[in-house]
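Asker: One structure, pasted below without further comment.
The values are calculated or read from the model by the stated rules, or taken from the named source; none is laboratory data. No experiment lies behind these values; they were computed from the predicted model shown. Counting neighbours? That spans all protein chains shown, and the Cβs are built from the backbone with ideal geometry, glycine included.
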Amino acid sequence: MDEGKRATVAKELERVVGGKYVRADDVTRWTYAIEDFGSTFFHPLSDKYGTPDIVVKPHSAQQVSDIVKLANVHKMPIIARGGGSDMTGAATPLKGVGGIILDMTDMNQVIDYQEGLNAVRVQPGIRWGELHHELAKKGITTGVRGPHGFLGGTLGGGISGNCFSINSPKYGWVNENVLNLQVVLPNGDIIETGSLANTKVKDWYYRYCHGPDVVGIFLGGAGAFGVITEFTIKTYPIPEFSENLAYSFPDVDSQLGFMFKLEWYGYVTELWGIAYFALPDSLKKIIGPLLGERDIVALTTEAYDQDIFRAQKKAVDRMAREFGGTPLPVGGLMKALGLSVTDTTEWEGGATFGKVMGPNGSDTCSIAPLPRWAKVVEGVLEIMLRDPDALSGSVPMIGADRFFIFPQILASGGVCQSVAMLPVDFSDPEKLKKAQKLYSDIVDFYLDTGLAAIYRIGKESQYLMKRLKPEYISFMKTLKKALDPNNIMNPGVLGLGLEEEQ
Ligand SMILES: Cc1cc2nc3c(=O)[nH]c(=O)nc-3n(C[C@H](O)[C@H](O)[C@H](O)COP(=O)(O)OP(=O)(O)OC[C@H]3O[C@@H](n4cnc5c(N)ncnc54)[C@H](O)[C@@H]3O)c2cc1C
């Protein structure tokens, strides 16, 4: 965009939000051209991304609406951004396309909590850590507690990016906990969904009424269909009794069998698996001599009543032994050290995690049915090992200087995920190119084998366009065109809103 036009639009935006909340200088623009990885940084493994033209911070739905109307006049993209930690580049502009970043983090208030409704109404820019802090004063929690190790993400980014969460095995994905929304549509209209669509309703929230579930269009919508400006999410009392337990298993089949049954029976709040074969050599050297070549399950079990809690722990233990499990003292050890993998209070903000991982490349966000997990990870490992020199210089604390794959099984409704983290040396263009190739091969593998699905992919539409059924693509494009005829809402994300693809 030429400087003259940038200055004109910036002036108009200043009239909406005030001069203090509009920035068009180079430092700010470059800051928003990368994602924030827990105070280090993250960069998409793709050459597609670039700087925005202007960054603006709105403080109300009305301001968002006015900005969206301005963007329509100037045919400029609008990219809503929360914590900027999505790890797929979804909240980062396309290179050469730019646009206006709507930094939502000042819209971070708890608006309403009603005990009888067991729900809290919030603005989307509130960070998970901030919300827990507020809710804990009332002895409540959202059930789903936000992304693992990164409570600096916002709730708005979470629901727009299909976030799975701490406690998903019990409470489902974040979006399964959303009741209704206030959204600014691409034409600037402000709508309320569910029970709030009735002009007479001011303060009670239900999702499934007045026709089809309109909320669903915006959840996982990555800001392509509107900007979420308020929403309601379910709440629960904070459980009084909670404990982390860990077991080791002789093989992956027993490990997965245990996890599947455990989640199915509803005994766990949080559930992770670590498969020995998927660990980098540096970790094998530590874990092997300590535990043998065994596969680990770490879990949290919680209850509101002591008798139920005790009975639940006994049932978990019985089930683990049924699958050949041996208890590990890890839970107690973590408690003694004041650390916990599953209760992330200590990880709040993600700074620790970010520093452990170091600069990173795109996360290949995949989900698969739990029984298929080992097959998916075997495939990904085979690809990573093809060119281990491509991935380097990172994960300093565990010494995994070549690559690292999260051997994580997140069982929610029998669904698990494998996060292939690609540590990259961004200062070496040759290595970067190789890492991009690995990323691409892994995503191709997920989609071509049909073993896994992608729950988040940013603007890498080329993968989706080749594999999704034409009727589905056509339906999505029809929706997009009807709602956003000027293609201003986060163009390129989900493969939508790019001229050449219309
Ligand atoms: C250490 C670490 C651990 C992580 N663990 C997990 C995990 O366990 N599970 C998981 O799912 N992810 C995880 N992530 C990824 C990320 O933190 C989460 O997905 C988080 O929910 C993203 O929130 P955000 O506010 O940073 O979103 P952003 O990156 O800012 O935005 C994400 C998407 O939402 C859109 N958006 C943002 N706000 C709005 C709005 N108000 N209206 C409309 N669209 C909007 C953006 O345009 C973009 O498309 C992790 C990341 C890190 C760095």
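Asker: Which of (1) more than 30 Å from Lys261 (Cβ to Cβ); (2) touching an Asp or Glu at 6+ places or on another chain (Cβ under 6 Å) does Gly188 not meet, given it meets every other one?
Answerer: Failing condition for Gly188: (2).
Asker: Just one of Ile166, Ile190 is surrounded by 17 or more Cβ atoms within 10 Å (Cβ to Cβ), near the ligand (Cβ under 8 Å from one of its atoms) and aliphatic (A, V, I, L, M); which is it?
Answerer: On inspection, the qualifying residue turns out to be Ile166.
Asker: A follow-up question, please. Taking region 119-151 as the search range and keeping residues that are within 13 Å of the ligand (Cβ to nearest atom) and aliphatic (A, V, I, L, M), which one is nearest to Met104 (Cα to Cα)?
Answerer: That would be Ile126.
Asker: Can you tell me which condition Gly116 does not meet? The list is (1) away from the ligand (no atom under 13 Å from the Cβ); (2) of a type outside the set (Lys, Arg); (3) in contact with a helix residue (DSSP H, G or I) (Cβ under 6 Å, 6 or more places away or on another chain), and all the others hold.
Answerer: (3)
Asker: Here is a list: Val268, Val316. Which entry is touching a helix residue (DSSP H, G or I) at 6+ places or on another chain (Cβ under 9 Å), in contact (Cβ under 8 Å) with a residue 60 or more places away in the chain and part of a helix (DSSP H, G or I)?
Answerer: Within the list Val268, Val316, the selection yields Val316.
Asker: Further question: Take the residues in region 88-106 that are of a type in the set (A, V, I, L, M) and surrounded by fewer than 24 Cβ atoms within 10 Å (Cβ to Cβ); name whichever of them is nearest to the ligand (Cβ to nearest atom).
Answerer: Leu94
Asker: What single numbered condition from (1) of a type outside the set (Lys, Arg); (2) within 12 Å of the ligand (Cβ to nearest atom); (3) at negative phi fails to hold for Gln109?
Answerer: (2)
Condition check ((1) part of a loop (DSSP other than H, G, I, E, B); (2) buried (at least 20 other Cβ atoms within 10 Å of the Cβ)) across all residues:
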| site | (1), (2) |
| --- | --- |
| Pro212 | yes, no |
| Gly220 | yes, no |
| Ala224 | yes, yes |
| Ile228 | no, yes |
| Ile233 | no, yes |
| Ala246 | no, yes |
| Gln255 | no, yes |
| Lys261 | no, no |
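Asker: How many residues, within region 431-475, are within 16 Å of the ligand (Cβ to nearest atom) and either surrounded by fewer than 20 Cβ atoms within 10 Å (Cβ to Cβ) or in a loop (DSSP other than H, G, I, E, B) (or both)?
Answerer: 10
Asker: Could you check how many residues of region 20-35 are basic (Lys, Arg) and either in contact with a helix residue (DSSP H, G or I) (Cβ under 7 Å, 6 or more places away or on another chain) or in a helix (DSSP H, G or I) (or both)?
Answerer: Count: 2.
Asker: Here's a follow-up. Tell me the residue from Ser165, Ser160 that is touching a residue at least 60 places away in the same chain (Cβ under 8 Å) and within 9 Å of the chain's Cα centre (by Cα), please.
Answerer: The unique qualifying residue is Ser160.
Asker: Could you check how many residues of region 481-499 are within 16 Å of the ligand (Cβ to nearest atom), at pLDDT 95 or above and in a helix (DSSP H, G or I)?
Answerer: Residues flagged as within 16 Å of the ligand (Cβ to nearest atom), at pLDDT 95 or above and in a helix (DSSP H, G or I) within region 481-499 amount to 1.
Asker: Can you find even one residue in region 111-119 that is surrounded by 19 or more Cβ atoms within 10 Å (Cβ to Cβ) and touching a strand residue (DSSP E or B) at 6+ places or on another chain (Cβ under 9 Å)?
Answerer: So far as region 111-119 goes, yes, one or more of its residues are surrounded by 19 or more Cβ atoms within 10 Å (Cβ to Cβ) and touching a strand residue (DSSP E or B) at 6+ places or on another chain (Cβ under 9 Å).
Asker: Shifting gears a bit: Take Gly172 and decide whether it is in contact with a Ser or Thr (Cβ under 9 Å, 6 or more places away or on another chain) and crowded, with 24+ Cβ neighbours inside 10 Å.
Answerer: Judged against the criteria, Gly172 is not a match.
Asker: Could you tell me which numbered condition Asp425 fails, if it satisfies all but one of (1) modelled with pLDDT under 85; (2) assigned to a helix (DSSP H, G or I)?
Answerer: Asp425 satisfies all of (1) modelled with pLDDT under 85; (2) assigned to a helix (DSSP H, G or I) except (2).
Asker: Any residue in region 8-37 that is assigned by TED's automatic domain parsing to the domain that holds Gly157 and touching a residue at least 12 places away in the same chain (Cβ under 8 Å) sitting within a Cβ distance under 7 Å of a residue that is crowded, with 18+ Cβ neighbours inside 10 Å and assigned to a helix (DSSP H, G or I)? List the pairs, counting only those 6 or more apart or interchain.
Answerer: Hits for this filter: zero, empty list.
Asker: Does Pro239 satisfy the condition of being modelled with pLDDT under 95, closer than 28 Å to Glu322 by Cβ and assigned to a loop (DSSP other than H, G, I, E, B)?
Answerer: So Pro239 passes the test.
Asker: For Leu179, which of the numbered conditions (1) part of a helix (DSSP H, G or I); (2) of a type in the set (A, V, I, L, M); (3) over 16 Å from Asp484 (Cβ atoms) fails to hold?
Answerer: Of the numbered conditions (1) part of a helix (DSSP H, G or I); (2) of a type in the set (A, V, I, L, M); (3) over 16 Å from Asp484 (Cβ atoms), the odd one out for Leu179 is (1).
Asker: Residues in region 152-159: is at least one assigned by TED's automatic domain parsing to the domain that holds Leu179, within 13 Å of the ligand (Cβ to nearest atom) and part of a loop (DSSP other than H, G, I, E, B)?
Answerer: Yes, region 152-159 contains a residue that is assigned by TED's automatic domain parsing to the domain that holds Leu179, within 13 Å of the ligand (Cβ to nearest atom) and part of a loop (DSSP other than H, G, I, E, B).
Asker: Please state which one of Gly216, Gly221 is under 19 Å from the mean Cα position of the chain (by Cα) and either near the ligand (Cβ under 10 Å from one of its atoms) or assigned by TED's automatic domain parsing to the domain that holds Pro491 (or both).
Answerer: Gly221
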